[in-house]
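Only the coordinates and a few stated rules stand behind these numbers; no lab work does. The structure presented is a predicted model; accordingly, all values stated were derived computationally and were not measured. Reconstructed Cβ throughout: ideal geometry from the backbone, glycine too, with neighbour counts over all protein chains shown.
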Amino acid sequence: MNPTISALQEAVHRANLELATSGLVMGTFGNVSIADRRAGLFVIKPSGVAYDALTPAHMVPVSLKSGDVIGSSLRPSSDTLTHLELYRAFDCGAVVHTHSEFATLFAQTRRSIRCMGTTHADYFRGDIPVTRPLRPEEVADDYERNTGLVIVETFRERELDPHQVPGVLVANHAPFTWGADAAHAMELFGSRSWMVAFLVFSAGLQTPAPGFPWHAATIAAVANLVSVSASILGNEIALRIGRRPWIMIAMAASGTTGIVLGLSAPWHWAIVAALLVVYSMLVMAESATLTAGLVAAAPAELRGAAMGLYSLAGFGGGLLGPVVFGVALDAAGGAASVAAWVIAYAAIGSGCLAAPFVARLYGRG
Ligand SMILES: [Zn+2]
């Protein structure tokens with residue numbers, strides 16, 4: 001099977017296991033899927049396989065276009081058609097469904113979760129909506145697809161932006177959430193987790209020794225800190241020039257800068273550090289798709305009703321990024337080769353670099 005699919009299967013497998021141990025899943029009522037829009041598919045947990053027997057190869061690829069299973073004999077999760085409709089309507093990269101206790105309570109009592117705290121507001125612009133109940137005929141026939149359609153209807157009728165409100169309560173059922181564009185999350189988490197290693201590598205190439213005037217970890221911490229302001233700035237720019245064009249510009253710029261950063265390893269440390277800061281800022285600059293990804297760091301600690309919803313959003317690319325980076329680095333010659341670092345940065349940035357072309361291709365401007 002092609003490498004993109006195996007990497008996705010790996011990430012989906014891990015995400016489902018983490019979901020199972022997060023305390024958000026009762027029994028086997030939960031699933032995560034991750035999409036690769038360039039490959040035109042998403043990967044989801046199979047149905048009818050016990051959690052402890054699951055391996056990455058069990059994860060089922062499904063075509064975004066036809067909804068057909070691709071190259072697997074297993075049946076995809078029973079919620080697959082809901083995931084499919086969400087991918088088709090929303091520009092998201094991962095979908096998570098749980099029956100987490102508190103969110104399900106809200107869903108079954110058909111109450112939206114009101115925005116009453118700052119943490120909620122950090123991740124959701126406003127209340128978390130609840131759909132209308134499905135009609136008897138919608139329940140009887142094609143229930144899973146209709147669940148997806150009723151979510152899409154809720155967002156369309158109430159004019160909600162799925163990026164601003166990345167989750168919903170399905171009336172009488174449970175929550176569905178979706179996360180960041182996987183391409184973007186892949187770049188963010190991939191670059192974050194390999195930043196210190198890259199700096200250490202670059203420091204070893206510096207002449208004269210001893211390389212950098214500060215510890216690699218200190219430089220990385222400063223770059224991360226500074227980059228936070230970029231998401232606020234990015235939001236301002238998005239308001240002025242429009243969200244879609246801004247995402248395209250930021251993605252193309254971050255993808256390109258990543259490659260230049262890889263190339264810069266043997267250059268003067270001041271240039272390396274400056275490029276790293278610029279790169280980190282560009283990766284953070286598209287804030288709306290990021291909000292979800294940021295919480296992925298601590299899913300186990302987040303337990304409240306709303307918490308349960310967004311803690312897992314943006315998960316997909318977050319898990320995929322560091323793995324893709326490492327695999328590319330190894331495949332291209334290992335951590336001692338400048339070319340390998342260039343290729344690793346290109347690999348995590350590839351989704352972002354491709355984004356403007358993909359958008360043009362599908363006419364989503
Ligand atoms: Zn369910």
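A few notes on this one:
- FRET efficiency, Val260 to Ser337 (Cβ-Cβ, R0 22 Å, nearest 0.05): 0.85
- Cα-projected label distance for Ala50 with Leu105, points at 7 Å along beta-carbon direction, nm: 3.2
- A simple charge model with +1 on the Cβ of Lys and Arg, -1 on the Cβ of Asp and Glu and nothing else charged puts the dipole of the stretch 3-179 at about 140 debye relative to its Cα centre.
- For the stretch 22-111, the list of chymotrypsin sites (Phe, Trp or Tyr not before Pro) that fall in a loop by DSSP and count at most 15 other C-beta atoms within 10 angstrom reads Phe29.
- Average projection, convex hull of the Cα set of the stretch 52-180: 9.1 square nanometres.
- Mean separation of Cα contacts under 8 Å, 6 or more apart, over the residue count of the stretch 3-179: relative contact order %: 22
- Fully extended contour minus Cα-Cα distance, from Arg38 to Asp142, at 0.36 nm per residue: 34.7 nm
- Remark: the Ser112-Leu239 segment gains 43.0 nm on full extension, using 0.36 nm per residue and subtracting the alpha carbon distance.
- A simple spin-label model places the labels of Leu17 and Arg125 3.8 nm from each other, with each point 7 Å out along Cα-to-Cβ.
- Pair Leu160, Ser229: separation of 7 Å Cα→Cβ label points (nm): 3.5
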